[in-house]
Amino acid sequence: MTTTRARHGSAVVTLPSDREILITRVFDAPAALVFKAWTTPELVRRWWGWESSPLVVCDIDLRPGGAWRYVTRDADGTELGWRGTYLEIEAPHRLVSTEVFEGHPEGEAQSTLTLTERDGTTSFSVTVLHASKENRDGHVASGMERGLQHSLDRVEDLLAELRGEPARTDVGGVR
Amino acid sequence: MARAATTTDAFNAIAEVSRRDILEILSGGEAAVGDIVGQLRLSQPQVSKHLGVLRAVDVVRCRTVGKRHLYRVNGAALRPVHDWVRTFEAHWNDRLDRLDDLLIELQQEDTQ
């Protein structure tokens, strides 16, 4: 992709305590739109997965106590699932839910989305609170493995290009 | 699973909140044990013990000026910790870039 538009910012990840992950970003859009893109299945499908590892399940029952479940499927047919329950919904500024990677069901965390709009731009933050430091570290480490895989795929693509072969599309996926 | 010894690597050494507090103080510049004690609610022996752990994994280095031991952060030793989080960040950044693209599209649709 060769988009040249300057983005409003990039994601910043910090670890504010032993059990938390904080992800922040600024979007050039009103909070209501960010909230809609975050909670509407047809829209989530357009950004959450990857081209070669799209979301094949995107269930959102947006009410307190309602369940959500996302499943990605890669080219080999490998499916990865995440699920949780909505706890608090205050559209369009706050959404609290549980979340767990189905491959590691004991690692349930609580996720809090906060959207703060100011002059048409929205400050976005997601805090993921794990039950233990070990689970938190495991979550970040899984992202690292995926990230590394992602980078290796990029190298493969580059090598393929240099060899004059068509580039593969991109893979990966971790919440 | 048994916890690894605190001096195994930088990850274990900074797993303790007091040691991260000490690093934060040292990130402002070189300091002696007494300076750190003055800023944290820890005793001098506690601070010395934490500095010992940080030095064992080379996250903190020490030089002697006269009778004073001055401690400073060795950023290079924290690199693995930094990289660990940055890779996770890069992943989220990719995902949120796609969300950003979608938000732009949705706003363009709205104005058409």
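Every read-out reported here was derived from the displayed coordinates using simple, explicitly stated rules and does not represent laboratory data. These numbers were taken from a predicted model, which means no experiment stands behind them. For neighbour counting, all protein chains shown are included, and Cβ atoms are generated from backbone atoms with ideal geometry for every residue, glycine included.
What is the magnitude of the charge dipole of chain B about its Cα centre, with +1 placed on the Cβ of each Lys and Arg, -1 on the Cβ of each Asp and Glu, and no other charges, expressed in debye to the nearest 20? Could you put the intermediate results ahead of the total?
Working: 15 positive and 16 negative charges, 281 e Å.
The calculated dipole for chain B is roughly 1340 debye.
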Problem set entry | Peptide-level mean, for A:117-124, of C-beta atoms on other protein chains within 10 Å | 1
Seminar exercise, completed: To the nearest 10 degrees, the tilt of helix B:79-111 (Cα long axis) against the first principal axis of the alpha carbons of chain B is 20 degrees
For this session: Stick to the Cα atoms of the stretch A:22-147, pair each with every other, and give me the Kirkwood hydrodynamic radius in Å at one decimal.
Result: 15.3 Å
For this session: May I have the convex hull volume per residue, in Å³, for the Cα set of the stretch B:1-57?
Result: 81 Å³
Exercise. At what distance in nm do the modelled label points of A:ARG45 and A:THR98 sit from each other, each positioned 7 Å from its Cα along Cα→Cβ?
Worked result: 2.8 nm
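Order these peptides, A:55-66, B:76-87, by their mean beta-carbon neighbour count within 10 angstrom, highest first. Please report the intermediate quantities before stating the final value.
Values: A:55-66: 13.5, B:76-87: 15.1.
Result, highest mean Cβ count within 10 Å first: B:76-87, A:55-66.
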For this session: Mind putting a number on the dipole of the stretch A:1-116 about its Cα centre? Charges go on the C-beta only, +1 for Lys and Arg and -1 for Asp and Glu, and I need it in Debye to the nearest 20.
Result: 520 debye
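Where the eigenvalues come from the Cα gyration tensor of chain B, what are the semi-axes √(5λ) of the equivalent ellipsoid, largest first, in whole Å?
Values: eigenvalues 343, 56, 31 Å².
Working from the Cα gyration tensor, I get semi-axes of 41, 17, 12 Å.
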Exercise. If you line up the long axis of helix B:44-56 against the longest principal axis of chain B, both from Cα atoms, how many degrees apart are they, to the nearest 10?
Worked result: 60 degrees
Seminar exercise, completed: Rounded to the nearest 10 degrees, the helix B:17-26 long axis (Cα) sits at an angle to the longest Cα principal axis of chain B of 90 degrees
Exercise. Which listed residue (B:VAL47, B:TRP84, B:ALA10) has the Cα farthest towards the positive end of the charge dipole for chain B, taking +1 on Lys and Arg C-beta and -1 on Asp and Glu C-beta about the Cα centre?
Worked result: B:VAL47
